[in-house]
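Heads up: the structure comes next, in structure tokens.
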Amino acid sequence: TIEVEKKEQTKGDFSAHKGQDICNASETSTNENNRTKSSKDAMPDKANVSAGISNTLKDGLEKKNVKKNEPTKPVVNIPVNRTKEVQEARLKLPIIGEEQIIMETINENPVVVICGETGSGKTTQVPQFLYEAGYAHGKGIIGVTEPRRVAAISMSKRVAMEMNLSEREVSYQIRYEGNVTDETKIKFMTDGVLLKEIQKDFLLTHYSVIIIDEAHERSMYTDILIGLLSRIVPFRHKKGNPLKLVIMSATLRVEDFTENKRLFKETPPVLKIDSRQFPVTIHFNRRTPQDSYLHEAYRKICKIHRMLPEGGILVFVTGQQEVHTLCSKLKNTFPINKTESSSQEKRKESRRKLNKNKERSVLPNINLDNFSVAPVDEEEEEEALDSDLDLGNLEEKGSDEVESSHAGSCTEPLYMLPLYSLLPSHKQARVFEAVPSGCRLCVVSTNVAETSLTIPNIKYVVDTGKVKTKFYDKVTGVSTFKITWISQAAANQRAGRAGRVGPGHCYRLYSSAVFNEFEKFSPAEITRRPVDDLVLQMKDMNIDKVVNFPYPTAPDVEQIKAAEQLLVSLGALSAPEKIQRFRDLKRGFLHKITTLGRAMACFPVSPRYAKMLALGHQHDLLPYVVAIVSALSVQEIFVENFKPSEEHEKVEFTKKLEHMKAVKRLWAGTGHSLLLGDLMVLLKTVGACEYEGCTPKFCQKYGVRMKAMKEVRKLRAQLTNAVNSVIPNANICIDPKMSPPTDLKAKLLRQIVLAGLGDHVASRYPDVMPETNDGSEKKMKNAYQCPDLEEPVFIHPTSVLCKEKPHFVVYQNIVETSKLYMKGVVAIEPEWLPVFAPNHCIFSKPLDEPSPTFDDVKGEVMCHMKSTFGNCSWTLPAVELE
Ligand code: CDP
Ligand code: MG
């Protein structure tokens, strides 16, 4: 279909549709009376409006040939009753003065790009402009996409409040929840939600305008949405029911959207919002600290606080745990006096009491407040996994500093606020509230404060220059979290936070030489991760030549190839029957989606897990498979990755870990149950949670992260529905008393898991390794080899199969810390490989059927595991199964 649209697009012209088109005549007349009042409301000073059109904006318009001579006045003006306070606050936003030109440009162009500094009012105001101009009162509503769930929820609430409308009218939809109604006029949603809607209704007929917000973040779904919308917009125009597209970015780097000729035939106009940014003085460190940037940040904040005039401080660190460590260090150094923090004290006291009471319970306590460190939201991965941080340095040096600071100082207290995406929203909202008198505000934040949220009254920014990013091996999918330098664009964004209220200062904890070596911009997400889920979704939308899709930034051909290969091996794609062009076949781009693939695409999980669901209907296994897949799809269910920073916590935590290990081992059981390994533990955890209730008590008892567990439960409900609607006669429900699988069922579950994870097989190296000169054979103890990896891998110490050391295993993923570790390990039998992972095997004799049965591969057929490296091919034992 994309092909067709492409042709149409070349023919179609982009002439603007006027305001009339979106509103019917009666609305126009009834609202006419309110117009004077309402436009006054939005733009109280006419002179201000024209003065507000900044030069950059005018330049931008002239350059882009916007039809400036024939401005269309908005014909309608839907009244909005804002309070006086809201109205006053709005008037301070730079974007308010640009309303007229923004609306004219949107009225006259199908696609418009709006760039404006963070805090200029894009997210909260542009939907309101469109609403007032009648875009939600015609054939469709206003849709706004956000890459982060937090933003979708908080912005919908904020806009509803500003407009004095209910949540029924300004609503949000994220993966599992939303408050959208028939009355909804403005809908905030995550980009993933809109992508799913396109799959159901390609023309997005419910919308009259789509705003893609935070496009500079270059999240994968945002990029794909822009690619799809570049085809939907001209198509809708042709159908006589135009759809407007507004792309909003916090940076000026939008050429990937505007200059990409494959995307928009006509370059869309770019509106630049003057941001009233005050000058920010940049201070580079003379030297870049080699090890502890956290300690360096700590010292810098102490210095700023003691020596510089009043003004809030904003510090950028990389993860949740760092935020807490630095916060508590600084809280100790510059404490708020007792009266002001008495409520905090009380809370602490009650927690102490609570803990004391629990000491008698079987398990050591986990304070979930402290342990909820790992990510839940897939879109928040950059802040995940704090386990690899070395905070040792900070602890030691930090305590010296604390003492010295106490010795001679009578500095005013620091009002410390943590900020990161997973912080509950009422705690996040504290950064918008007034600072207690006599205190200086100090916000310690991850990069959410870079563009998503604007904190008022910041004068000093301390920039560690670091960010935590998830890296994937594009082909093998091995993932690692690494702390890396940020891009120059990100550094400038961070510095900009200091100049919102007046001239500010940014202290960069690195040298200018290091800065010059930074990448100019952070790379688009799509170029950094495996795209198998994306390719499956696209094929399901009948976009067969995935490689030709109009990506703002295209992924590597190798990435797409690896994804297609995986999908072929899972049976989701098949080679076309008729090869039209040899070149296409050779490049492997003509794979078509199969019936199995279509079913798999209905499950909102990774294709590997979708395959397990598709197979699970046999032998009444489906409820188990749904539970396992739900748990596999949520990251970090157990708290074991937390690394306590305080000495007393360490002892406690080690005890806790040991206990958890024992519980897990107990849950794994024996026989096939044990061989189902970590997945059996997950299954039991899900079952126990359903049985005992997902309470803090349950989570504490078993060291489970409450937020993760809630997510698992939601996903389980969602998958249960999906399975019932996709698989004929599935008819499953969530049974709170799900009994553990029998030994036979556990065995069948192992086979199903293998069918999904056939490319994640590893076999143990022989116990006696040939001796080498450098003694490296020692390192190979307990090592496994994988077909796609040259390096040896190991079973993660937290796995229940770590001691069992089965000969053949499949794993959920490999993470790289000190070594390559397999997590989510299940033991398999090698003779299952030709049957359940035939696409990963080479047979001595060609097999007729693409999915061989045990009979097919019995006896005379020899089978090797396919592998990328010659040294890693396994000969499977003769297959002897009934
Ligand atoms: O999208 P952009 O970064 O351009 O700005 P925005 O998110 O629309 O924010 C405009 C203003 O509203 C900022 O000054 C924010 O501080 C303020 N705001 C707020 O006070 N509370 C919120 N929940 C959201 C925004
Ligand atoms: Mg915004």
**OP:** May I ask you to verify whether Tyr176 is surrounded by fewer than 21 Cβ atoms within 10 Å (Cβ to Cβ), more than 14 Å from ligand 1 (Cβ to nearest atom) and under 30 Å from the mean Cα position of the chain (by Cα)?
**Re:** yes
**OP:** Please report, ordered by residue number, the helices (runs of 4 or more DSSP H) entirely within the range 673-738 with at least 3 residues that are of a type in the set (S, T, N, Q) and buried (at least 19 other Cβ atoms within 10 Å of the Cβ).
**Re:** none
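Just to be sure before I move on: is His206 closer than 30 Å to Arg158 by Cα and surrounded by fewer than 22 Cβ atoms within 10 Å (Cβ to Cβ) in the structure I sent? Break it down stepwise before answering.
Values: closer than 30 Å to Arg158 by Cα: yes; surrounded by fewer than 22 Cβ atoms within 10 Å (Cβ to Cβ): yes.
Yes; evaluated as a whole, the condition is true for this residue.
Going by the structure shown, is Leu509 of a type in the set (A, V, I, L, M) and over 28 Å from Ser292 (Cβ atoms)?
On the way: of a type in the set (A, V, I, L, M): yes; over 28 Å from Ser292 (Cβ atoms): no.
No; evaluated as a whole, the condition is false for this residue.
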Original post:
If the Cβ limit is 6 Å and pairs must be 6+ apart or interchain, which residue in the range 152-176 that is over 16 Å from Asn81 (Cα atoms) pairs with which residue that is within 15 Å of ligand 1 (Cβ to nearest atom) and of a type in the set (D, E, K, R)?
Top reply: Ala152/Glu146; Ile174/Arg149
Original post:
Is there a residue being under 18 Å from Ile141 (Cα atoms) and more than 20 Å from the chain's Cα centre (by Cα) anywhere in the range 213-226?
Top reply: no
Original post:
Restricting the range 151-167 to residues that are surrounded by fewer than 22 Cβ atoms within 10 Å (Cβ to Cβ) and hydroxyl-bearing (Ser, Thr, Tyr), which is farthest from ligand 2 (Cβ to nearest atom)?
Top reply: Ser166
Original post:
Are any residues in the range 305-321 assigned to a helix (DSSP H, G or I) and touching a Lys or Arg at 6+ places or on another chain (Cβ under 9 Å), and if so, which ones?
Top reply: His305, Gln321
Original post:
Gly97 fails exactly one of the following numbered conditions: (1) within 15 Å of ligand 1 (Cβ to nearest atom); (2) at pLDDT 95 or above. What is the number of that condition?
Top reply: (2)
Subject >> Among (1) modelled with pLDDT under 90; (2) surrounded by 19 or more Cβ atoms within 10 Å (Cβ to Cβ); (3) within 16 Å of ligand 2 (Cβ to nearest atom) - the single one Lys272 does not satisfy >> reply: (1)
Subject >> Residue count for the range 254-270, restricted to those that are assigned to a loop (DSSP other than H, G, I, E, B) and within 16 Å of ligand 1 (Cβ to nearest atom) >> reply: 1
Original post:
So which residues in the range 99-126 are hydrophobic (A, V, I, L, M, F, W, C) and touching a residue at least 40 places away in the same chain (Cβ under 8 Å), if there are any at all?
Top reply: Ile101, Ile102, Ile106, Val111, Val112, Val113, Ile114, Cys115, Val126
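Taking the residues in the range 489-513 that are charged (D, E, K, R), within 16 Å of ligand 1 (Cβ to nearest atom) and in contact with a helix residue (DSSP H, G or I) (Cβ under 8 Å, 6 or more places away or on another chain) as candidates, determine which candidate is modelled with the highest pLDDT.
Taking the range 489-513 as the starting set, the residues that turn out to be charged (D, E, K, R) are 494, 497, 500, 508.
Next, from what is left, pick out any that are within 16 Å of ligand 1 (Cβ to nearest atom): 494, 497, 500.
In the following step, the residues that additionally are in contact with a helix residue (DSSP H, G or I) (Cβ under 8 Å, 6 or more places away or on another chain) were identified as 494, 497.
Numbers: Arg494: 92, Arg497: 89.
Among those residues, the one meeting the criterion is Arg494.
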**OP:** Please state which one of Thr480, Thr469 is outside any loop (DSSP other than H, G, I, E, B), touching a Ser or Thr at 6+ places or on another chain (Cβ under 7 Å) and either at pLDDT below 90 or within 15 Å of ligand 1 (Cβ to nearest atom) (or both).
**Re:** Thr469
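Which of the residues spanning the range 790-828 are among the β-branched types (Val, Ile, Thr) and either crowded, with 24+ Cβ neighbours inside 10 Å or more than 19 Å from Val663 (Cβ to Cβ) (or both)?
Scanning the range 790-828 gives Val793, Ile795, Val809, Val810, Ile814, Val815, Thr817, Val825, Val826, Ile828.
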Original post:
Going through the range 819-839 one residue at a time, which ones are of a type outside the set (A, V, I, L, M) and closer than 16 Å to Tyr784 by Cβ?
Top reply: Lys819, Tyr821, Lys823, Gly824, Glu829, Pro830
**OP:** Considering every residue within the range 199-216, establish whether at least one is charged (D, E, K, R), modelled with pLDDT under 95 and within 16 Å of ligand 1 (Cβ to nearest atom).
**Re:** yes
**OP:** Considering each of Ala151, Ala160 in turn, give the residue that is within 12 Å of ligand 1 (Cβ to nearest atom), under 29 Å from the mean Cα position of the chain (by Cα) and modelled with pLDDT of 95 or more.
**Re:** Ala160
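Report yes if Leu229 is in contact with a Phe, Trp or Tyr (Cβ under 8 Å, 6 or more places away or on another chain) and closer than 18 Å to Leu263 by Cβ, otherwise no. Please lay out each step first, then the result.
Numbers: in contact with a Phe, Trp or Tyr (Cβ under 8 Å, 6 or more places away or on another chain): no; closer than 18 Å to Leu263 by Cβ: yes.
Taking the combined requirement at face value, the residue does not satisfy it.
Give, as residue ranges, the strands (runs of 3 or more DSSP E) completely inside the range 163-242 that count at least 3 residues that are over 30 Å from Val712 (Cα atoms). Spell out how you get there, then give the answer.
Details: elements: 170-173, 186-190, 207-212.
By residue number, 207-212.
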**OP:** Quick one: Leu596 ticks every box in (1) under 27 Å from the mean Cα position of the chain (by Cα); (2) at pLDDT 90 or above except a single one, so which number is it?
**Re:** (1)
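Within the range 794-807, how many residues are in contact (Cβ under 8 Å) with a residue 40 or more places away in the chain and over 33 Å from the mean Cα position of the chain (by Cα)?
If we filter the range 794-807 for residues that are in contact (Cβ under 8 Å) with a residue 40 or more places away in the chain, which is where we start, we get 798-801, 804-807.
Next cut, over 33 Å from the mean Cα position of the chain (by Cα) only: 804-807.
Number satisfying all stated conditions: 4.
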**OP:** For Val113, work out the one condition from (1) within 12 Å of ligand 1 (Cβ to nearest atom); (2) touching a Pro at 6+ places or on another chain (Cβ under 6 Å) it doesn't fulfil.
**Re:** (1)
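Step by step: first the residues of the range 229-256, then only those that are hydrophobic (A, V, I, L, M, F, W, C) and under 20 Å from the mean Cα position of the chain (by Cα), then the one that is farthest from ligand 2 (Cβ to nearest atom). Which residue is that? It would help to see each step written out before you state the result.
First, the residues of the range 229-256 that are hydrophobic (A, V, I, L, M, F, W, C): 229, 232-233, 235, 243, 245-248, 250, 252, 254.
Now narrow it down to the ones that are under 20 Å from the mean Cα position of the chain (by Cα): 247-248, 250.
Values: Ile247: 12, Met248: 7, Ala250: 7 Å.
Going through the qualifying residues, I end up with Ile247.
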Subject >> Selected residue (criterion: surrounded by the most Cβ atoms within 10 Å (Cβ to Cβ)) from residues of the range 754-780 that are modelled with pLDDT of 60 or more and of a type in the set (Ser, Thr, Tyr) >> reply: Ser763
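The values are calculated or read from the model by the stated rules, or taken from the named source; none is laboratory data. Keep in mind that what you see is a predicted model, and the values were worked out from it rather than measured. Methodologically, a virtual Cβ is constructed for each residue, glycine included, from the backbone with ideal geometry; neighbour enumeration extends over all protein chains shown.
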